[in-house]
Amino acid sequence: MKRLTLLRHAKSGYGDRDQRDFDRVLNARGERAAIAIGRHLRARGDRFDRVVASDAARVAQTVALVERGYGQPLGTVWERRIYLASATQLLELIQAQADDAATLMLAGHNPGLEDLVLTLVPDDPADTLRAAVYDKLPTGSLATLEFEIDHWRDARTARLAAFTRPRDIDPELGPDPDDD
């Protein structure tokens, strides 16, 4: 079995309108959410054999703050191809992972991450977790997928084992109208 955890970067700001999208950083709520997500991962006992993340500023900052909450470095590999990647491109990246990693975290952006979950997890009206992701994969969210496979190259269909939004951990981290 292979386990994939998807992490969408935490809430970012739009302070400098001349700033490139790639260089945007987290706002205060995003910083709090990323630390909370790290604590949640530690409390849940999650371990990762490999962490691959977009090198965009808001993802790098999210990962650093998740590490703070988690209590240890994740050994992240930075991958430019994740920035603005489609679900198809993300799946190709996942399928190219070495099989020595049973647990993988991929940190990046929407719409690619949300589309990836909806592509890999079959539509089932009884699947409330998938329905919640279909509704929205908010900033700072985690989606954990399980594959009944031995090789990442065979990753095509998964079960959504967990879906956690920052507001599920702390209601004060809940949605606002401009959540990106």
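The values are calculated or read from the model by the stated rules, or taken from the named source; none is laboratory data. Here the structure is a predicted model, which means the values were calculated and not measured. Backbone-built Cβ (ideal geometry, glycine too); neighbour counts: all protein chains shown. Ligands, DNA and RNA are excluded from the accessible area calculation, which covers all protein heavy atoms including side chains. Shrake-Rupley method; radii C 1.70, N 1.55, O 1.52, S 1.80 Å.
Residue by residue through the stretch 54-68, note down the ones that are open to solvent by 20 Å² or more (accessible area, probe 1.4 Å), of a type in the set (Gly, Ala, Ser) and under 13 Å from LEU106 (Cα atoms). If you could, list the steps in order and put the result at the bottom.
Narrowing the stretch 54-68 to residues open to solvent by 20 Å² or more (accessible area, probe 1.4 Å): 55, 57, 60-61, 64, 67-68.
After this cut, where a residue has to be of a type in the set (Gly, Ala, Ser) as well, the list is 57, 60, 64.
Correct list: ALA60 only.
Which one of GLN72, GLN19, GLN61 is farther than 21 Å from VAL117 by Cβ and part of a helix (DSSP H, G or I)? Before the answer, list the steps.
On the way: GLN72 fails: part of a helix (DSSP H, G or I); GLN19 fails: part of a helix (DSSP H, G or I).
Step by step, each of GLN72, GLN19, GLN61 is checked, and only GLN61 is farther than 21 Å from VAL117 by Cβ and part of a helix (DSSP H, G or I).
Step by step: first the residues of the stretch 22-35, then only those that are open to solvent by 20 Å² or more (accessible area, probe 1.4 Å) and in a helix (DSSP H, G or I), then the one that is nearest to TYR83 (Cα to Cα). Which residue is that?
Result: PHE22.
Looking at (1) in a helix (DSSP H, G or I); (2) open to solvent by less than 50 Å² (accessible area, probe 1.4 Å), which one does ALA43 not meet, given that it meets all the others?
(2)
What number of residues within the stretch 155-173 are out of contact with any His (no Cβ under 7 Å at 6 or more places or on another chain), open to solvent by less than 60 Å² (accessible area, probe 1.4 Å) and modelled with pLDDT of 95 or more? Talk me through it step by step, then tell me what you get.
Looking only at the stretch 155-173, we keep the residues that are out of contact with any His (no Cβ under 7 Å at 6 or more places or on another chain), and these are 155-163, 165-168, 170-173.
Filter once more, keeping what is open to solvent by less than 60 Å² (accessible area, probe 1.4 Å): 155, 158, 160-163, 165-166, 170, 173.
Right, trim to modelled with pLDDT of 95 or more and you get 155, 158, 160-163, 165-166.
Looking only at that region, the number is 8.
Please find, within the stretch 6-16, the residue that is least open to solvent (accessible area, probe 1.4 Å) out of those that are within 25 Å of LYS136 (Cβ to Cβ) and out of contact with any helix residue (DSSP H, G or I) (no Cβ under 8 Å at 6 or more places or on another chain). Walk me through how you get there before you give the answer.
Applying the first criterion (within 25 Å of LYS136 (Cβ to Cβ)) to the stretch 6-16 yields 6-15.
Now drop any that are not out of contact with any helix residue (DSSP H, G or I) (no Cβ under 8 Å at 6 or more places or on another chain), which leaves 14-15.
Values: TYR14: 103, GLY15: 81 Å².
Checking each candidate, the answer is GLY15.
Look at the stretch 129-140 and say how many of its residues are touching a Phe, Trp or Tyr at 6+ places or on another chain (Cβ under 7 Å) and either open to solvent by less than 10 Å² (accessible area, probe 1.4 Å) or of a type outside the set (A, V, I, L, M) (or both).
Kept after step one, since they are touching a Phe, Trp or Tyr at 6+ places or on another chain (Cβ under 7 Å), are these residues of the stretch 129-140: 129, 132-133.
Those still in the list that are either open to solvent by less than 10 Å² (accessible area, probe 1.4 Å) or of a type outside the set (A, V, I, L, M) (or both) too: 133.
So the answer is 1.
Would you call ASP176 acidic (Asp, Glu), open to solvent by 20 Å² or more (accessible area, probe 1.4 Å), over 16 Å from THR62 (Cβ atoms) and at pLDDT below 95? Even if it seems obvious, please write down each step before you answer.
Details: acidic (Asp, Glu): yes; open to solvent by 20 Å² or more (accessible area, probe 1.4 Å): yes; over 16 Å from THR62 (Cβ atoms): yes; at pLDDT below 95: yes.
Taking the combined requirement at face value, the residue satisfies it.
Can you name the condition, by its number, that GLY71 falls short on among (1) open to solvent by 50 Å² or more (accessible area, probe 1.4 Å); (2) within 14 Å of the chain's Cα centre (by Cα)?
Going through the list (1) open to solvent by 50 Å² or more (accessible area, probe 1.4 Å); (2) within 14 Å of the chain's Cα centre (by Cα), GLY71 breaks only (2).
Among all residue pairs at least 6 apart or on different chains, which show Cβ distances below 7 Å where the first residue, located in the stretch 27-44, is of a type in the set (Gly, Ala, Ser) and the second is in a helix (DSSP H, G or I) and open to solvent by 50 Å² or more (accessible area, probe 1.4 Å)?
As it stands, the answer is ALA36/ILE169; GLY38/ARG68, since those pairs meet every condition given.
State all residues of the stretch 97-107 that are small (Gly, Ala, Ser) and out of contact with any helix residue (DSSP H, G or I) (no Cβ under 7 Å at 6 or more places or on another chain); if no residue qualifies, say none. Working first, answer last.
So in the stretch 97-107, the residues small (Gly, Ala, Ser) come out as 98, 101-102, 107.
Selection gives ALA98, ALA101, ALA102.
Exactly one condition in (1) in a helix (DSSP H, G or I); (2) surrounded by fewer than 19 Cβ atoms within 10 Å (Cβ to Cβ) is not met by GLY38; state its number.
If we test GLY38 against (1) in a helix (DSSP H, G or I); (2) surrounded by fewer than 19 Cβ atoms within 10 Å (Cβ to Cβ), just (2) comes out false.
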